[in-house]
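To keep things clear, I will list the structure first and then write my remarks on it.
The values are calculated or read from the model by the stated rules, or taken from the named source; none is laboratory data. Bear in mind that the values here come from a model prediction, so they are computed numbers and not experimental data. A quick note on method: Cβ atoms are made from the backbone with ideal geometry, for glycine too, and the neighbour counts reach across all protein chains shown.
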Amino acid sequence: MSSSTRGLEQNSGNLGESIFDSEVVPSSLIEIAPILRVANEVEPINPRVAYLCRFYAFEKAHRLDPTSSGHGAHQFKTALLQRLERENDPTLKGRVKQSDAREMQSFYQHYYKKYIQALENAADKADRAQLTKACQTAAVLFEVLKAVNLTQSLDVDQEILEAHNKVVEKML
């Protein structure tokens with residue numbers, strides 16, 4: 001059992017939740033695996049952002065396989081939708097900002113400052129590896145942020161665009 005699966009089961013206390021581990025995503029929906037990984041990673045810090053990541057993953061899964069014809073896709077999407085329905089109200093109550101778009105922007109800025117800027121001048125390989133992983137997470141967070149902003153007809157703040165451009169540069 002992977003450490004991410006163990007962590008997921010410890011967090012949820014429910015074996016059924018392990019279906020959302022990014023390692024068991026049906027092959028027709030593999031593109032959503034990084035989004036679900038980020039959702040699991042940020043959940044202890046901000047459950048609403050994790051919910052928004054999962055919601056975006058569900059929307060993307062539906063675009064990738066609209067008829068759920070891929071092996072295991074229907075079961076996976078149904079379970080994900082049920083989880084979203086369960087988590088919407090509790091995570092909404094815990095939201096700090098007035099809207100999901102503002103919540104995503106605030107979290108992205110927090111993540112960038114805490115995990116990217118803090119590791120920018122990393123000298124050793126362990127820190128560079130952490131920086132690479134943090135950049136991958138930030139890229140997914142930005143993708144979700146753009147989608148949330150689009151649904152609320154909000155432009156992405158210039159400061160966030162600049163931070164994202166720095167993340168992209170580091171990933172090249």
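Summary of values
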item	result
Test: residue in the range 107-117 that is within 15 Å of V167 (Cα to Cα), more than 17 Å from the chain's Cα centre (by Cα), at pLDDT below 90 and not in a loop (DSSP other than H, G, I, E, B)	yes
Restricting the range 141-150 to residues that are touching a residue at least 12 places away in the same chain (Cβ under 8 Å) and not charged (D, E, K, R), the residue that is surrounded by the most Cβ atoms within 10 Å (Cβ to Cβ)	L145
Total residues in the range 77-91, condition hydroxyl-bearing (S, T, Y) and surrounded by fewer than 15 Cβ atoms within 10 Å (Cβ to Cβ)	1
Residue within the range 92-105 that is farther than 22 Å from E143 by Cα, small (G, A, S) and surrounded by 16 or more Cβ atoms within 10 Å (Cβ to Cβ) present	no
Boolean, A138 is within 24 Å of L172 (Cα to Cα) and surrounded by 21 or more Cβ atoms within 10 Å (Cβ to Cβ)	yes
Test for Q152: is it assigned by TED's automatic domain parsing to the domain that holds A33 and within 26 Å of L64 (Cα to Cα)	no
Number of the exception - T132 against (1) within 19 Å of V49 (Cα to Cα); (2) at pLDDT below 90; (3) of a type in the set (S, T, Y)	(1)
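Rundown of residues vs (1) touching a Phe, Trp or Tyr at 6+ places or on another chain (Cβ under 7 Å); (2) acidic (D, E); (3) in a helix (DSSP H, G or I), yes/no style:
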{"residue": "F58", "(1), (2), (3)": "no, no, yes"}
{"residue": "E87", "(1), (2), (3)": "yes, yes, yes"}
{"residue": "R95", "(1), (2), (3)": "no, no, no"}
{"residue": "Q105", "(1), (2), (3)": "no, no, yes"}
